[in-house]
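Take a look at the structure set out below.
The values are calculated or read from the model by the stated rules, or taken from the named source; none is laboratory data. Being a predicted model, the structure only gives us computed values, none of them experimental. Virtual Cβ from ideal backbone geometry, glycine too; neighbours counted across all protein chains shown. Please note that ligands, DNA and RNA were not included when accessible areas were found on the heavy atoms of the full protein model with its side chains. Shrake-Rupley method; radii C 1.70, N 1.55, O 1.52, S 1.80 Å.
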Amino acid sequence: VEDRGFALLSGHSLCGKTHLAKRVCQDLQDKGYEFALGSRVLTAREFLCAASETDRVFLLEDPFDENPAQAVRQLNRLLRELPAHRVLVVTSRNDVLEASRGAIEGQVWLDLTLGCCEMASRIWQAHARDRSISVHDTERFDGHLRSLPLDQMLQPGQLRHVAHHFESELDDAALEEL
């Protein structure tokens, strides 16, 4: 990220875009970068292009919600003109990104959407362990998770939510509803 000057993170809701983006920004803050957060490209531009010797990182969350075409143009310009020692981390949901119909100058977005039942199972088991869910219930939900079609795979944030609200008395109908 430091070498490139930016990271473009996309994915379904609750796949972990913001979580990863905040971790990247925190790592940079630990190295002395000044941090700011917002959802408008112009706010990011003001912060990142300000005359200053300070290393800076900006987390731009879902910038395409209000005026997608304008945000795409502004983001392309910012990426072209991004000063050295400045980092931009952008997050966007796939559906919003596709609806914007604007290319970000040939840049590749890293899609964090979970599409692998093995990884979903590992994440579920870690959350279940953290919440002290019984082995029986963990395996029972894991079996359900592994039976889901890939396009319906639960995302990390959803798995965390399930673990935090898991009830061991769930019957099969309630399990299916989850």
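Comparing Cα centroids, segment 1-78 and segment 83-151 end up 20 angstrom apart.
Extension gain, Asp130 to Val108: 0.36 nm times the residue separation minus the Cα-Cα distance gives 4.5 nm. The residues of the chain expose on average 57 square angstrom of accessible surface per residue, using a 1.4 Å probe on protein heavy atoms.
The length gained by stretching the chain between Val96 and Asp55 to full extension, at 0.36 nm per residue less their Cα-Cα distance, is 11.8 nm. When you restrict to C-alpha pairs under 8 Å that are six or more residues apart and normalise by the size of the chain, the relative contact order lands at 27 percent. Once you have a ≥ b ≥ c as the square roots of the Cα gyration tensor eigenvalues for segment 1-76, tell me rounded if a/c is under 1.5, and otherwise prolate or oblate according to whether a/b is larger than b/c. Since a/c reaches 1.5 but b/c is at least a/b, the shape of segment 1-76 is classed as oblate. Return the percentage of antiparallel bridges among DSSP beta bridges fully within the chain, rounded to the nearest 5 %. Roughly 0 percent of the DSSP beta bridges within the chain come out antiparallel.
When ranked by the protection proxy of mean other Cβ atoms within 10 Å per residue, highest first, what sequence do the peptides 156-167, 7-18, 141-152 form?
On the way: 156-167: 16.8, 7-18: 20.6, 141-152: 12.8.
Final packing ranking: 7-18, 156-167, 141-152.
The translational diffusion coefficient of segment 42-96, from Stokes-Einstein at 20 °C and 1.002 mPa s with a Kirkwood hydrodynamic radius over alpha carbon pairs, comes to 183 µm²/s.
Within the assembled protein chains, the solvent-accessible surface assigned to Glu2 is about 80 Å², based on a 1.4 Å probe.
What's the local net charge at Pro156, with K and R +1, D and E -1, over the other residues with C-beta under 11 Å away?
Working: positive: Lys17, Arg122, Arg160; negative: none.
That works out to +3.
How high is the FRET efficiency between Arg140 and His19 when r is their beta carbon distance and R₀ equals 22 Å, given to the nearest 0.05? That gives a FRET efficiency of 0.25. Each of Asp3 and Arg73 was given a label point 7 Å from its Cα along the Cα-to-Cβ line. The distance between the two points is 3.4 nm. Here the chain is described by how far its Cα atoms reach on the three principal axes: 59, 36, 23 Å, from widest to narrowest. When the solvent-accessible area of segment 80-140 is split by element, carbon and sulfur atoms take up 51 percent of it, the probe being 1.4 Å.
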